[in-house]
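As C-alpha cells, the structure follows; a few thoughts come after it.
Here, each number is a calculation from the coordinates, and none is a lab measurement. If you're wondering where the values come from, they're calculated on a predicted model, not measured in any experiment. With ideal geometry, Cβ positions are generated from the backbone for all residues, glycine too; neighbour counts draw on all protein chains shown.
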Amino acid sequence: MKKAKLYIDDQEVYEIPVLEDNMKGISLDIRNIRKDTGMITYDPGFGNTGSCQSAITYLDGEKGILQYRGYPIEELVEECDFVEVAYLLIHGALPDAKERYKYQELLNQHSMLHVDMLDFFRKYPDHTHPMSILAAMGVSLSAFYPEINLEEDPEAQMDLTVTRLLSKMRTIAAFTYRKLIGAEFVNPSYQYSYCANFLNMMFHSPVREYTPNPVHVRALNKLLILHADHEQNCSTTAVRLIGSSEANLYAAVSAGICALWGPRHGGANQAVIEMLEQIRDDGITVDEAVKKAKDKDDPFRLMGFGHRVYKTYDPRARIARKLCAEVLEDLGESDQLLEIAIELEQHALNDEYFIERNLYPNVDFYTGIIFRAMGIPTNMFTVMFALGRLPGWIAHYLEWNHDPYEKIGRPRQLYTGPTVRHVIPLEER
Ligand code: SDX
C-alpha cells in the first residue's frame, strides 16, 4: 500500500495510507489520524472528503460522466423505464422479465394508503408547500407500517419495504396535489404502469375523459431516471447520516426530502421556473439577467446553473434539454420559457464569469419546463425530484445498513467560541 507523509514545517509527523478506488480515484485514509496524532482535518461542506465506500453511482464532474451501477445514464434513459432503474440501484443488477413483473406486482399491491392517513391531508392549509406534506407523510409511514425487519429474509423484506415506499410515496405525492387543488383523491389502478398511474392519480377527472398521454408517460420515466441517484449529494448524505444512527428507513428518507427542499439543491427546479417567469414578466433582458447573476451585491442567481461536482455540462441537463424539445414538439406546443432558457444558456456559456467558474446548466435547468408541459404545477417540481431520487436514497440507506465499516456519523469541528469563563450569579450581573 502506498503511503503519504505528513510534515509540519520540516518535521515528518504522520504516514497516511493511500487508497485507490475502482476508477483509479486516490484518497488519503485518515480514519486514525486523530487517534494517532490528535489532529483532525478541516473541510466545510465535505467537498474534498470521502464519507463512505459506495458501489451505487459513479460520476466524473470534470468529464461529465454519470453511471448507475456501471451503466451510463444515457443508455438507461433510452433503454429502461424507471422501475427497472429503481431495481438496478437497489439490487445492483437490472431485473429480468420475471423479476420486473414481480416488482410491478409488489408496487401495485402496496400502492394504497391506510385510510386514516387520508385525514392528515385534509387538515393542511391550502397554501402548504407539497414538500412539507411529503416529508411528514413519509415519516408517518413508519407509524402505519412499522415492521421493517431487514434481518429476517433480507431480500424479501427489502423488496417489501422498498416497493411499499416507492409506491406509497407516489400516491402521497399525487394525493398532495389533489388536496391542494381541492379535488377528490384518485386511487391507484392496476391497469397502469408506475408513471401512468401517477399521472392518472394526478389528473383523472370524473367530468372529462382522461387517459395519461403516452408522451408524458415516456418523458416522466426519463425524468425520474435522470433524478434517481447522484452519489453523495446533500440529501443522500442526509439519508446516510440519519441511517447511521439506525433510525428506520422512513425517517431517513423523510430527512432526505427535507434536505432536497432547499433552493440550492432539489428546490432549484422550482426556482428556475420562477426565475424564467420573473425574466419574462418583468421584461428583463437575458443580458440584464446575466449581469444581475454576476453582481455580488444582487441576490439574483442563475438558478439551474453551477454544481458542486460538475465543472462541465451536467450530462443530465444535456439529456433534459433534448427531451424538453422532443416533448414540446410531440405535444405541438412551444414555451416562451424554453426560448428564454436556451438564450440564457447560450449567453452564460459565452461569458467569462461563468466560463472561469465552470458554471454550466445542471439537471434542474430544463426539467421544470418539461414538468410544466405535463401540467405539473411549479410547487410540485421538487416533489417530482424526490420521487425520482427515492430509489437512490433507499439504495444508499441499505448499502450503509450492510456495510461493516459504517459507524455513526459524527464529524468534528474547529471551535471558535469563547474560552472557559465562569457564571456570575444573576443578582450580580
Ligand atoms: C442539485 O450535489 C449534487 O449532486 C446535487 C444534484 C443532485 O442530483 O443531487 O446535482 C442536484 O442540487 C443541482 C444544483 C441545483 N442548484 C442550483 O441550480 C442553485 C444555483 N446554483 C448555485 O447555488 C451553486 O452553483 C451550487 C450551490 C449548486 C454549487 O455551489 P458551489 O459549488 O458551492 O459553488 P460556489 O457557491 O462556491 O460558487 C463558486 C463561484 C462563486 O463566485 P466567486 O465567489 O468565486 O466569485 O460561482 C458563483 C459563486 O458566486 N456561482 C454562481 C452560481 N453558482 C455559483 N453565480 C451565479 N449563478 C449561479 N448559479
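How many angstrom separate the Cα center of the stretch 41-73 from the Cα center of the stretch 5-21?
The distance from the Cα centre of the stretch 41-73 to that of the stretch 5-21 comes to 24 Å.
Taking the Cα centre of the stretch 71-235 as the origin, how large is its charge dipole in debye, to the nearest 20, when only Lys and Arg (+1) and Asp and Glu (-1) carry charge on their Cβ atoms? Let's see the in-between values first.
On the way: 13 positive and 22 negative charges, 187 e Å.
Roughly 900 debye for the stretch 71-235.
In whole Hz and in residue order, list the ³J(HN,Hα) couplings for the stretch 219-230 that follow from phi through the Karplus curve 6.51 cos²θ - 1.76 cosθ + 1.60, θ = phi - 60°; x for Gly and Pro.
Going residue by residue, I get 5, 5, 4, 5, 5, 5, 5, 4, 9, 5, 7, 7 Hz, with x marking Gly and Pro.
Multiplying the sequence separation of residue 184 and residue 322 by 0.36 nm and subtracting their Cα-Cα distance, what value in nm do you get?
Extra length available between residue 184 and residue 322 comes to 46.2 nm.
What does the charge add up to near residue 407, with Lys and Arg as +1, Asp and Glu as -1, over the other residues with Cβ less than 15 Å from its Cβ?
Numbers: positive: 31, 34, 35, 240, 410, 412; negative: 29, 246, 399, 403, 406.
Taking every Cβ under 15 Å from that of residue 407, the sum is +1.
Could you quote the convex hull projected area for the stretch 3-60, Cα atoms only and averaged over all directions, in nm²?
Working: hull surface 20.3 nm².
Averaged projected area of the stretch 3-60's Cα convex hull equals 5.1 nm².
Neighbouring Cβ atoms within 10 Å as the yardstick, rank 400, 393 fewest first. Mind dumping the intermediate values first?
On the way: 400 21, 393 28.
Going from least to most buried by this count: 400, 393.
In whole angstrom, note down how far apart the Cα centers of the stretch 256-306 and the stretch 87-134 are.
Their Cα centres are 31 Å away from one another.
Please arrange 329, 274, 209 by counting, for each residue, the other beta carbons lying within 10 Å of its beta carbon, fewest first.
Details: 329 11, 274 15, 209 6.
Ranking 329, 274, 209 by Cβ neighbours within 10 Å, fewest first, gives 209, 329, 274.
Tell me, what is the Rg over Rh of the stretch 71-235, with Rh the Kirkwood radius over Cα pairs? Intermediate values should be presented prior to the final figure.
Values: Rg = 16.3 Å, Rh = 17.0 Å.
Radius of gyration over Kirkwood radius for the stretch 71-235 works out to 0.96.
Just the Kirkwood number for the chain, please: inverse of mean 1/r across all distinct Cα pairs, in Å, one decimal.
Values: mean 1/r = 0.0425 Å⁻¹.
It works out to 23.5 Å.
Within a Cβ distance under 14 Å of residue 346, other residues only, what is the Lys/Arg minus Asp/Glu net charge? Write out the running numbers ahead of the final one.
Numbers: positive: 321; negative: 287, 339, 343, 345, 351.
Here the charged neighbours net out to -4.
Mind checking which aspartates and glutamates have their Cα closer than 17 Å to the Cα of residue 296? Skip sequence neighbours fewer than 8 apart in that chain.
Filter leaves 287, 288, 351, 352, 356.
Note down the net charge around residue 174, summing +1 for each Lys or Arg and -1 for each Asp or Glu among other residues with Cβ under 14 Å from its Cβ.
On the way: positive: 168, 170, 178, 179; negative: 184.
Surrounding charge for residue 174 is +3.
Taking R0 as 22 Å, what's the FRET efficiency between residue 378 and residue 205 from their Cβ-Cβ distance, rounded to 0.05? Mind showing how you got there, number by number?
Working: r = 21 Å, r/R0 = 0.95.
Efficiency at R0 = 22 Å is approximately 0.60.
Mind checking the full-extension length gain between residue 352 and residue 27? Use 0.36 nm per residue of separation minus the Cα-Cα distance, one decimal, nm.
In short, 113.8 nm is gained.
Mind sorting 222, 294 by how few other Cβ atoms lie within 10 Å of their own Cβ, fewest first?
294, 222
To the nearest 20 debye, what is the magnitude of the charge dipole of the chain about its Cα centre, counting +1 on the Cβ of each Lys and Arg and -1 on the Cβ of each Asp and Glu? Let's see the in-between values first.
Values: 44 positive and 61 negative charges, 150 e Å.
For the chain, the charge dipole is close to 720 debye.
I'd like the Karplus ³J(HN,Hα) series for the stretch 74-80: coefficients 6.51, -1.76, 1.60, θ = phi - 60°, whole numbers in Hz, and an x wherever there's a Gly or Pro.
Couplings: 4, 6, 5, 5, 7, 9, 10 Hz.
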